[in-house]
1. Just how large is the dipole of segment 367-445 about the Cα centre, in debye to the nearest 20, putting +1 at every Lys and Arg Cβ and -1 at every Asp and Glu Cβ?
2. Evaluate E = 1/(1 + (r/R0)^6) for Arg348 and Lys192, where r is the Cβ-Cβ distance and R0 equals 25 Å; express this FRET efficiency to the nearest 0.05.
3. Going by average Cβ neighbours within 10 Å, how do the peptides 404-415, 458-469 rank, with the highest at the top?
4. Could you work out what % of the accessible surface of segment 412-551 is carbon and sulfur, using a 1.4 angstrom probe and leaving DNA, RNA and ligands out of the count?
5. State the extension gain, in nm to one decimal, for the chain segment bounded by Ile175 and Ser125, taking 0.36 nm per residue of separation less the distance between their alpha-carbons.
6. For Phe502, which sequence-distant residues (separation of 5 or more, or a different chain) have an amide H within less than 5 Å of its own amide H, given hydrogens modelled in the peptide plane?
7. Please tell me which of these pairs span more than 30 angstrom C-alpha to C-alpha: Lys225/Lys319; Lys225/Lys519; Lys379/Lys548; Lys204/Lys340?
8. Projected onto the charge dipole of segment 364-500 (+1 at Lys/Arg Cβ, -1 at Asp/Glu Cβ, origin at the Cα centre), which of Ala403, Leu432, Ser446 gives the Cα projection farthest towards the positive end?
Amino acid sequence: MKTCLSLLFVIVLLGAYPMSTVSGDAPDQDPGGIHRVDSPQPPPAAIHDGFVSITGHDAGNYLRFLASDLLEGREVATRGYDIAAEFAAVLFRMWGLKPAGDFIQAGPVTGNMSAAGGDARKTPSRSYFQDVVMREVLSTTGSITAESGQSGIKHERTFISGIDFTSSVAGNWSISAPVVFAGHGIVEKALKYDDYHNIDAKDKIVLILNEAPGADMADSPFHRKEYEERYFQPRRRMHGGDLRTRTAADRGALAVLLVENRPRKNRYLGSRILDREKVDDSGPVFDPGRRRLLLPHSGNTDPRSPIPTYRISRHMAAKIVAMSGENLENLQSIINRSQKPASRLLSRVRLTLNSKSCTQLVRSHNVMAVLEGSDEAVKNEVVVIGAHLDHLGKKGPYIFNGADDNGSGVCGLLEVAQAFATNPIPPRRTILFALWTGEESGLLGSTYYVAHPAYPLEKTVANLNLDMIGRRWTRERLDRMRQWWGVDIPQKELENIDPDRFLVLSRARGPSPVRDALKQANALAGMHLLIRPSAGFGGSDHAPFAFKGIPWIFFFSAMTEDYHMPSDSLEKVSLDHLENISRLVYATAFHLAGWDHDEKASE
Ligand SMILES: [Zn+2]
């Protein structure tokens with residue numbers, strides 16, 4: 001099970017389905033595919049020194065510290081995270097990169113080196129830290145009660161949280177309203193299919209099935225690629241919530257109850273029992289659940305769901321539907337047989353949803369430094385290179401060192417930062433180096449940055465996101481990728497790929513400078529790249545930038561069985577691979593930022 005979960009994660013992460021056109025996205029002329037360079041060119045003189053200064057050896061030294069038990073897995077808003085953040089700030093300062101975090105009051109010199117970047121009296125301006133205050137959900141209690149009344153006889157039934165339903169959002173509400181059954185909650189104009197056609201969901205609670213009509217019928221139009229991705233692949237958008245919830249919210253619904261369309265074996269209980277006696281890195285771990293953190297502005301509910309959203313058991317759904325005299329199985333077979341909606345008000349039924357969350361405020365911070373561009377004309381334009389610094393922390397006796405996730409991305413970023421800082425020729429545009437907090441809790445640090453940018457978003461040329469760049473591909477992983485993603489790479493081409501130099505990159509769809517910069521950079525790095533255009537709403541820190549329409553590239557290497565396990569440790573990371581990818585990132589960023597003498601020559 002663990003393996004299928006991590007691969008499910010890959011699918012979500014890379015939004016891997018090729019070329020599906022999410023509504024409104026301009027189709028991408030460049031279908032992506034393999035960009036293979038076997039004999040790399042030497043880097044141009046202007047960027048040479050920085051390029052060759054990037055080494056796996058140096059990255060390994062940082063990683064030894066960042067992935068050590070000492071930092072206890074760098075969980076957000078913990079001492080381990082704060083030490084890692086201070087370490088990075090000291091390195092930025094050592095390389096002469098300017099602080100790009102919060103503005104700080106001028107005042108007497110304090111002992112806090114990273115705070116003022118030198119003599120506070122002279123130029124007290126910014127810190128290397130951008131504070132990110134979060135709300136931690138300590139506990140949530142909730143209940144759902146269904147009432148139905150007929151000829152004065154009242155039936156009432158209360159359902160139990162964790163047994164009959166789970167809520168994917170935390171918050172405080174008490175909602176009481178009639179219920180509508182809205183089929184699969186789908187509106188697809190192209191298919192002339194609208195589950196809301198003959199019902200009014202305004203101020204009501206909507207009960208919907210997941211998947212789509214005709215799930216078991218191969219000829220169902222919903223099995224076409226673009227609909228398959230939307231309705232059968234539980235791809236979860238980090239921003240804007242999942243499609244069904246948003247569709248219901250757009251029609252004034254107060255809450256959504258989502259039920260499995262087809263009964264499935266519950267794989268979670270019991271298969272993760274911890275063998276407490278045996279404490280070793282590769283043992284299965286009983287995950288006591290992660291801290292639930294939200295950004296303050298997310299109001300009462302989680303920004304990932306615009307209205308309260310519950311997952312309910314089929315048993316509970318059948319009970320609610322039966323209280324209105326209908327039968328859930330029957331409604332489903334009407335939909336599957338007719339391939340038409342069977343939505344209706346569940347008459348005489350009223351649901352009351354109560355939720356109470358106890359929360360506290362916690363503080364963490366992004367670490368940000370900048371190398372200002374040399375060209376007056378474009379130095380107000382910025383390339384943002386980011387990587388999340390936080391990981392899962394400690395659970396019981398287990399430390400999640402997060403060497404690959406995301407120690408590798410952080411060390412790659414540090415190597416790229418020192419390379420830019422020490423390269424004799426500065427970039428024309430500005431480069432912002434950002435280590436994000438709270439990624440594991442829902443991209444909180446990068447989401448906060450996009451809402452409070454150090455440089456105007458409209459001046460942000462691109463975001464380069466480094467997350468898990470430390471593990472090599474293997475033939476076996478390549479074959480598995482091909483099966484799972486249905487990636488249509490001809491077998492012959494796949495056989496010619498050198499797994500040691502292979503990398504899958506997803507990038508912003510549509511015309512933007514990132515595609516060419518990547519190819520120009522790879523001419524120097526000499527890797528075998530599989531470049532995939534995508535919408536980018538996947539599970540890493542480029543998503544908030546993608547959501548704002550900023551071009552982005554996601555540098556992510558192989559997914560392994562150590563994903564989110566204590567076994568994601570230092571010795572598993574390939575420092576050569578990390579070096580190659582970091583040089584590719586450096587060259588890509590330099591092509592995006594431009595450099596003086598060559599540009600005059602080239603432009
Ligand atoms: Zn990660």
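1. With only Lys, Arg, Asp and Glu charged at Cβ, the dipole is about 100 debye.
2. Taking R0 as 25 Å, the efficiency between Arg348 and Lys192 is 0.20.
3. Going by the mean number of other Cβ atoms within 10 Å, highest first, we get 404-415, 458-469.
4. Reported share for carbon and sulfur atoms: 51 percent.
5. Full extension from Ile175 to Ser125 adds 13.2 nm.
6. Trp473, His528
7. Among Lys225/Lys319; Lys225/Lys519; Lys379/Lys548; Lys204/Lys340, the Cα-Cα distance tops 30 Å for Lys225/Lys319.
8. Ala403
The values are calculated or read from the model by the stated rules, or taken from the named source; none is laboratory data. Note that the structure is predicted; figures quoted are calculated from it, not measured. FYI the Cβ positions are ideal-geometry reconstructions off the backbone, even for glycines, and counts take in every protein chain you see. Calculation scope for accessible area: heavy atoms of the full protein, side chains included, ligands and nucleic acids excluded. Shrake-Rupley method; radii C 1.70, N 1.55, O 1.52, S 1.80 Å.
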